[in-house]
Amino acid sequence: MATSSYYNDPDFSYTKYWQGREYEHQSEVIALNKLLKGSHFTSGADIGGGYGRLIPTLAQYCQKVVLVEPSLKQRLQAKSIKSQAGTSTATNLPDSSLDFASIVRVLHHLPDPLPTLHELHRILKPNGVLVLEFANSLHFLARFKSLITGQAISRLPVERRRPVNIRRRSIPFVNHHPEVIFKLLSTSGFVIKKTLSVSNFRSPFLKKILPLPVLLFLESIFQSLVSSIYFGPSIFVLAIRKW
């Protein structure tokens, strides 16, 4: 099943999915602001950005930013945001046309992210900036489980969960090993400048007992503090196209 069909389905609401996930959303906003602080880009694109959830944040750093999204339903919900049809492997953007690109919550649908990295390289100018996010198979809970069971964490994409089937259709949801993603970025012509561990306190229990401002305060501190050990379930990467 194509990802766009899943997000186009009238029985699925991506905006409702984000209701009650303010901690996760704000954690990603914090990460973007940390990575892009002091930057200014003439042209940018958010690839697979759904209904434009992160566009207001990205627009603070980009003079012009376009949402590239395969789902017509999501693009219509984006309303006043400039958007166009396109996928992560076929964005319909010209070669070397962007100073900046972001791709958040997309790689967890891609067991093989290499074609997407090639497309991102194609549309970015030399020295263009990429912010990429992926679901982390090496997160703390996975390592704790590995320690208990004695089963090593695979370097292959790890199925994270099956989405609720809509009319008996489903799409991949996978975690990626950080070292594999970093190697793919390098072989695709990118140099990694910074990484952050994000959504470090994404726990129903913690979200229930701790106020949101407290969680976000801790999140802001820990994103850099535990980035080198890939602690959290989500990793943000700032990379530069070098060739």
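Any read-out appearing in this document is the output of simple, stated calculations on the displayed coordinates, not a laboratory observation. Quick caveat: nothing in here was measured; it's all calculated off a predicted structure. No Cβ is skipped: glycine too gets one built from the backbone with ideal geometry, and neighbour counts run over all protein chains shown.
The table for this structure:
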{"quantity": "Environment charge of residue 19, counting only residues whose C-beta is closer than 15 Å and scoring Lys/Arg +1, Asp/Glu -1", "calculated": "+2"}
{"quantity": "Candidates 221, 229, 209: whichever shows maximal mean-square fluctuation once the chain is modelled as a Gaussian network with Cα springs under 10 Å", "calculated": "209"}
{"quantity": "Zero-based 10 Å bins, Cα pair distances in the stretch 3-241, whole percents", "calculated": "7, 31, 39, 20, 2, 0"}
{"quantity": "Candidates 34, 79, 208, ranked by Gaussian network fluctuation over the chain, Cα under 10 Å, top entry", "calculated": "208"}
{"quantity": "Listed pairs 194/242; 34/79; 37/183; 64/242; 64/125 exceeding 20 Å between Cα atoms", "calculated": "34/79; 37/183; 64/242"}
{"quantity": "Net +/- balance of residues flanking residue 175 in space, Cβ distance below 9 Å, scoring K and R +1, D and E -1", "calculated": "0"}
{"quantity": "Choice from 14, 51, 230 showing the highest fluctuation, given a GNM over the chain with Cα pairs closer than 10 Å", "calculated": "14"}
{"quantity": "Contour minus Cα-Cα distance for residue 187 and residue 151 (0.36 nm per residue)", "calculated": "10.1 nm"}
{"quantity": "Helical mean residue ellipticity (222 nm; -39500 (n - 2.57) per DSSP H run of 4+; nearest 500) of the chain", "calculated": "-9500 deg cm²/dmol"}
